[in-house]
Amino acid sequence: MNLLSSVQEQLCRLSMKHASKELEGILENAQHHDWTPLQTLQALLAIELENRQDSGRLRRLKAANFPFHKTLEDFDFGFQNSVSKRQIQQLAEMAWLEGAYNIMFLGPPGVGKTHLAVALGIAAVNAGYRVYFTQMDQLVQFLKTETISRRSKQQLRALYNANLVILDEVGFQPISRQEANLLFGLINRLYQQTSVILTSNKGFEEWGEFLGDPVITAAMLDRLMHKCELFNMTGDSYRLKHRESIFQ
């Protein structure tokens with residue numbers, strides 16, 4: 001085995017497979033550009049680090065459970081002008097995550113609430129944060145079956161380990177008092193520790209109705225709204241406006 005192959009094998013044993021793969025090219029560049037040993041080492045480590053970061057991003061993206069992949073660049077701020085493009089772009093810088101602030105998108109179906117929630121979630125993943133997306137009915141099912149379902153326990157563990165939890169479609173279906181208590185327990189656990197992005201088609205005055213308990217409703221909203229940016233979204237449904245027809 002020659003020296004190059006020996007070093008490549010050593011890099012692989014150190015779990016630096018990307019550096020091992022690119023070693024020969026780096027050495028050629030070093031010779032061509034007359035790099036110092038330190039410059040050569042820096043270039044090799046930079047390749048390994050860049051590939052690891054990309055691999056980590058892909059793992060976080062998969063673990064987030066997004067229902068689709070849409071970014072802020074895909075959002076039509078011209079059609080939906082009840083939200084400020086400047087404010088949303090500022091949120092994409094992720095400073096609010098460090099302070100465990102929440103974001104709430106309220107409004108009728110089709111105005112872009114979930115799109116913005118997912119887009120901010122993807123921006124958070126790209127910035128190195130762990131994100132977990134779930135719809136309300138799915139989350140309630142996980143909470144109800146945590147003690148008897150291995151999958152529910154795993155999903156909730158991933159949720160609690162996230163830096164950002166996205167709770168989608170809150171209020172589409174009423175829940176029982178027991179389920180409301182379980183949901184409050186989760187919100188209380190996340191309070192001031194984990195950021196939440198929440199989407200709902202209900203105004204706050206309607207929350208008591210679908211949660212079934214005004215006391216739980218008040219306590220939950222108190223925690224969610226303590227550190228929160230609220231967006232009341234209005235307008236026509238983007239899906240209906242841009243519906244696709246079978247017949248041309």
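Results, tabulated for the structure shown:
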| item | result |
| --- | --- |
| √(5λ) per eigenvalue of the Cα gyration tensor, the range 100-248, largest first, Å | 25, 19, 17 |
| Per-q log10 I(q)/I(0), the range 193-233, q = 0.16, 0.18, 0.24, 0.33 Å⁻¹ (Debye; single scatterer per alpha-carbon; no solvent) | -0.43, -0.54, -0.93, -1.29 |
| Rough spin-label spacing in nm, given labels placed 7 Å along Cα→Cβ, for Asn51 and Lys144 | 4.7 |
| Cα gyration tensor of the range 159-223 - equivalent ellipsoid semi-axes, whole Å, descending | 19, 13, 11 |
| Long-range Cα-Cα pairs in the range 62-182 (distance over 19 Å), rounded percent | 51 |
| The range 22-110: chymotrypsin sites (Phe, Trp or Tyr not before Pro) in DSSP coil with no more than 11 other Cβ atoms inside 10 Å | Phe68 |
| Rounded, prolate or oblate (a/c below 1.5 giving rounded, otherwise prolate when a/b exceeds b/c) for the range 1-74 by Cα gyration tensor | prolate |
| Accessible carbon and sulfur surface of the chain relative to its total accessible area, %, 1.4 Å | 49 |
| Residue-normalised accessible area of the range 99-248, expressed per residue, 1.4 Å probe, Å² | 51 |
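The values are calculated or read from the model by the stated rules, or taken from the named source; none is laboratory data. What you see is a predicted model, and the numbers here were worked out from it, not measured in a lab. Glycine gets a Cβ as well: all are built from the backbone with ideal geometry, and neighbour counts include every protein chain shown. We work out accessible area using only protein heavy atoms, side chains counted, and drop any ligands, DNA or RNA first. Shrake-Rupley method; radii C 1.70, N 1.55, O 1.52, S 1.80 Å.
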